[in-house]
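Below: one structure, written as C-alpha cells.
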Amino acid sequence: MKKIIFATLSLVLSVFAFTACDNTYDDLMTANVKTGGILVPTDVIPYKLGGTESFDVTLDIPKGPGIESVEIYRTYTDKTVKVLDQTINIASANADGELSKTVTYTYEDLIVGLDMPADEAELNIGDAWTLSYVSVMEDGRKVDVSSKTLVSVANFFAGKYSKDMKYFHPTAGGSYPDDPYSAYVEDVNLVAISAYVCSDWFGTWENTHVYIQILPDNSVTLTFEDRDDVGTGDPNDATKVCSYDPATGVIKLYYFYPGSGGNRIFWVVYTPK
C-alpha cells in the first residue's frame, strides 16, 4: 500500500514539475513575441452608382507599438491583380496615444491600375472593391491587418428606408381617401437589382415584387413581378403620381389593381433612414 501511495505521489509531483516548467517556457516565449500593427478601418461602404461623388475611409489606430506607415492595397471582384493604392504616414504617433486617419476616394481613384470601365454604370450590382492594410512598424516589420474595408457596388437609392404604406380596399373596410383599409410604417431595405432599379415587396404580400426604376432625370417607373393587371398612379386622383425627390431622397409610389367591387389602391412613401 505504501508503495502505491509513494508512486502516486511521485507521479503527481512529476506532473506538477513538468507543468511548471512548461508554463515558464510559455512565459518566456510570450515575453519575446513582437506585437503591434493593429488598426480598425471602416468595414463596409455602399458605393451608390450615380450618387457617390466621393467617400471617406477612416483608419482608427489604438495606442501601442509605433507604426511608421500603413500600406493600403486595393482589388476588385474577379480581378487577379492587387495594387498598392497608397501609403499613409503615421510616424509612430500612435505610440503616444490613439489617432485616426481619413482617406478620401473617388471613382477615378478606385479604378487606377485595375483595368476597369471609365463609366461606373457598367459595374455589376453586388461586386465590390476590397481595401486591405499592412502596418509597417518602426522596427521594420510588416504586419498584415486582419480587418478590411469592403466598398460594395449599389445603386444610388438602394438602402434602408422607413416605409409608410396605406392600402385602400373598396369592400373590405375603411374609406377612400382618409380611412385606409390597412396602414402601417416599417423599416425596409430597397434591394439593388441594377444601376437604376431596386425591388420591394408588392402591396401587403411577400411573394411577389414591385421593381422601382429611377433614372438620372429622376423619373420613376414601376414594373411588377408576375402581374400584368397593375396600373401606376391613383385612379381617383391624377395628382398622385410616382416621384423621387433628389433633395430629400423621398420616394412616393402610387399603384392599383382592379378587383371585385373596385380598385385596390396603394400609397407608399419611402423616407431614407
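The values are calculated or read from the model by the stated rules, or taken from the named source; none is laboratory data. All values reported here derive from a predicted model rather than from experimental measurement. Note that we place each Cβ from the backbone using ideal geometry, even for glycine, and neighbour counts take in every protein chain shown. The area values use the complete protein model at the heavy-atom level, side chains included, leaving out ligands, DNA and RNA. Shrake-Rupley method; radii C 1.70, N 1.55, O 1.52, S 1.80 Å.
Just a few scattered comments:
Each row is one residue, and each column tells you yes or no for (1) touching a Ser or Thr at 6+ places or on another chain (Cβ under 7 Å); (2) not hydroxyl-bearing (Ser, Thr, Tyr).
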residue	(1), (2)
Gly51	no, yes
Pro65	yes, yes
Ala93	no, yes
Gly113	no, yes
Ser135	no, no
Gly159	no, yes
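- Matching residues, region 226-259, being among the polar types (S, T, N, Q) and either outside any strand (DSSP E or B) or under 20 Å from Asp187 (Cα atoms) (or both): Asn236, Thr239, Ser243, Thr248
- Lys160 closer than 21 Å to Val44 by Cα and touching a residue at least 12 places away in the same chain (Cβ under 8 Å): yes
- Consider region 56-89 and keep the residues that are in contact (Cβ under 8 Å) with a residue 40 or more places away in the chain and part of a loop (DSSP other than H, G, I, E, B). The one that is least open to solvent (accessible area, probe 1.4 Å) is Gly66.
- Output for region 144-157, where each listed residue is open to solvent by 10 Å² or more (accessible area, probe 1.4 Å), of a type outside the set (Val, Ile, Thr) and in contact with a strand residue (DSSP E or B) (Cβ under 7 Å, 6 or more places away or on another chain): Asp144, Ser147, Lys148, Leu150, Ser152, Ala154, Phe156
- Residue count for region 197-248, restricted to those that are surrounded by 19 or more Cβ atoms within 10 Å (Cβ to Cβ) and either at positive phi or touching a helix residue (DSSP H, G or I) at 6+ places or on another chain (Cβ under 9 Å) (or both): 1
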